[in-house]
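Every read-out reported here was derived from the displayed coordinates using simple, explicitly stated rules and does not represent laboratory data. All figures in this text were calculated on a predicted structure; none of them were measured in a lab. Heads up, the Cβs are rebuilt from the backbone with ideal geometry, glycines too, and the neighbour counts pull from every protein chain shown.
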Amino acid sequence: MASVFSRNKSKWFFAAVFVVLFVLSSRAVEVNLFKLYENSGRLVDYIGRMWPPNFKILPKVFEQTLQTIQLAFVSTVIAAILSVPFGFLGASNVMKTKVEKWIASATRFSLNANRAIDAIIVATFFVSAVGLGPFAGVLALSIHSVGMLGKMFFETVEGVDKGPVEALESSGASRLQVLRWAILPQALPYFASHTLLRFELNIRGAVVLGIVGAGGIGFLVTEYSRLFQYQNLSMVLVTILALVMGIDAVSGYTRRRLL
Amino acid sequence: MTVLNFKGVDLVYPNGFHALKDINFSVEPGEFVAVIGRSGAGKSTLLRAINRTIECTSGKAEVLDFNLMKMGSGDLRQLRARIGFIFQQFNLVKNLTALDNVLHGRLAHVGLLRSLLGLYPAVDVKLAQDVLKAVGLDGKMKSRVDALSGGQQQRVAIARAVVQNPEIILADEPMASLDPKLSEVVLQLLLNFNRERGMTTIVNLHVLELAQKYATRIVGMREGKMVFEGKPKDLSRGALDSIYEGAVS
């Protein structure tokens, strides 16, 4: 037994550190399962009041759902267009000279910084400029999405088959021609696939931004919660579930067809 | 007049590997030269040195009157536009059509804006279609390359090189991914273009019999050195031993 412990000393040490960190963190964020158990009746009561969903508000919910889809769609298209240049500027197989490598590093740093700041935080900046509403949401989601899409795009560009690049360079084609005809056609299906994935994420993002004032179906969550209209709220939640699952299914199918 | 003249050329990779050693090699217009040797002998490096994909480190290297040891990017593009290169793995853009891929061979001859928009002059499109017909792919012009067989893909790659109207064609083991029957078809195509259009052809081959059958001259390489140069009939047992180190029985 002692020999087993000494053989795996470092593993036991890391396991102990992990457990201590977990316990301390749980205490810091007031995790209390007993409290949850003690008050579970309230939770059941809350969910009980949500049943049955109120189908009479469906026209209004659909109208707001459409706005959420439009918000996500416009944001994703803007983000994809902005991300294409980043996809090339960040790619090490495109940016080869010393100055270009520096530009690539700066591009990657910018995209990392962008990803570090959530869309809700970005939205607070734009609300100060354009006020509450879907436009602030579009701006926030567009800018935030560039961080992820730009990274996915430059990784795609770096992963293309080098053969056609060598072939076009060997025929005397210029760098722009090589980018256009050897790299872009190979990368484009992946760009489209990543953009669809981002659209899926932006649907969820648009719902959350709606909760904090960007309009759409998320706004209804806030409205019905504040007014204690639980059956209306459950109708909204069911619609969000159907929306997200539907978009995921359609987007997933399309992405599989693209690649 | 020679199309290619190498004198005492050495090529050392940045990692220190001495890939070409004291290469003395010249080629006359219209020749069909086969380069033979074992894997790692320097055959591919030699071809890539000719179109300056890899830079020679010392010696005198001239191709089509360009001095390879001293040339700017503009000259390099001009030189490469006059040299067609055929690759072992075809190097085609697989999700584009055969015609699109062949038209890539005209990029250096088309204005930048037109080329970026894919607006090739009608004469270039006609040329590409004619060359595809010449390689037996007139029914496959609009097919995506990934829907074509290996032999058809290599013919698209040959058409892409030929459509440049090059003075030299370099082919790096163009049949390595093909079966023996298709290999003969591909070599026959190269020979036809060599004879009918006067395109000087230098081809790396790993099948000795094909080199002897098709080439007008054979160059043998071993460990970065040229150890044989002569007509196919001059390839004696001793010469083969010097190229293959006794690997051929």
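Note on chain A: with charges restricted to the Cβ of Lys and Arg (+1) and Asp and Glu (-1), its dipole about the Cα centre is near 520 debye. With 10 Å bins beginning at zero, the pair-distance distribution over Cα atoms of region B:142-249 amounts to 13, 41, 32, 12, 2, 0 %. Peptide B:102-108 has a mean of 5 when you count, residue by residue, the C-beta atoms of other protein chains within 10 Å of its C-beta. If you take all C-alpha pairs in chain B, what percent of them are over 25 Å apart? Value for chain B (Cα pairs over 25 Å): 43 percent. Each residue, B:Lys231 and A:Ile47, gets one label point 7 Å from its Cα in the Cβ direction; the gap between the two is 9.3 nm. Inter-part distance, region B:123-170 to region B:176-192, computed on C-alpha centroids, equals 14 Å.
Once you charge only the Cβ atoms, +1 for Lys and Arg and -1 for Asp and Glu, what is the size of the charge dipole of region B:1-105 about its Cα centre, to the nearest 20 debye? Intermediate results must be reported in sequence, preceding the final value.
Values: 12 positive and 9 negative charges, 50 e Å.
The dipole of region B:1-105 has a size of about 240 debye.
With the charge dipole of the protein assembly as shown set up from +1 on Lys and Arg Cβ and -1 on Asp and Glu Cβ about the Cα centre, the Cα lying farthest toward the positive end among the listed residues B:Ser149, A:Ala15, A:Gln70 is that of A:Ala15. Provide the percentage of antiparallel DSSP beta bridges, counting only those with both residues in the protein assembly as shown; round to the nearest 5. Rounded to the nearest five, the antiparallel share is 50 percent. For A:Ala116 and A:Arg27, a Förster radius of 25 Å and the Cβ-Cβ distance give a FRET efficiency of 0.35, rounded to the nearest 0.05. Of the residues B:Pro29, B:Met199, B:Gln78, the one whose Cα sits farthest towards the positive end of the charge dipole of chain B is B:Gln78 (charges of +1 on Lys and Arg Cβ, -1 on Asp and Glu Cβ, taken about the Cα centre). Just round it to a whole percent: the fraction of Cα-Cα distances in chain A exceeding 35 Å. Cα-Cα pairs in chain A separated by more than 35 Å: 40 percent. Within chain A, helices built from complete DSSP H runs that reach 24 Å or longer along their own axis (Cα positions) and carry a mean Kyte-Doolittle hydropathy of 0.0 or higher are A:9-28, A:58-89, A:134-158, A:184-209, A:230-258.
Okay, helix-only estimate at 222 nm for the protein assembly as shown: each DSSP H run of n ≥ 4 adds -39500 (n - 2.57), divide by all residues, round to 500 deg cm²/dmol; what do you get?
On the way: 22 runs with 296 residues, N = 508.
That calculation yields -18500 deg cm²/dmol at 222 nm.
May I ask you to give the average projected area over all directions of the convex hull of the Cα atoms of region A:68-146, in nm² rounded to one decimal? Intermediate values should be presented prior to the final figure.
Values: hull surface 21.9 nm².
Computed as one quarter of the Cα hull surface, the answer is 5.5 nm².
Close amide H contacts of B:Ile86 (hydrogens built in the peptide plane, cut-off under 5 Å, sequence separation of 5 or more or a different chain): B:Leu170, B:Ala171, B:Asp172. If each Cα of the protein assembly as shown is one equal point scatterer, what is log10 of I(q)/I(0) from the Debye formula at q = 0.06, 0.07 Å⁻¹? Normalising to I(0) and taking log10 leaves -0.47, -0.60. Each Lys and Arg adds +1 at its Cβ and each Asp and Glu adds -1 at its Cβ; summed about the Cα centre, region B:116-191 shows a dipole of about 340 debye.
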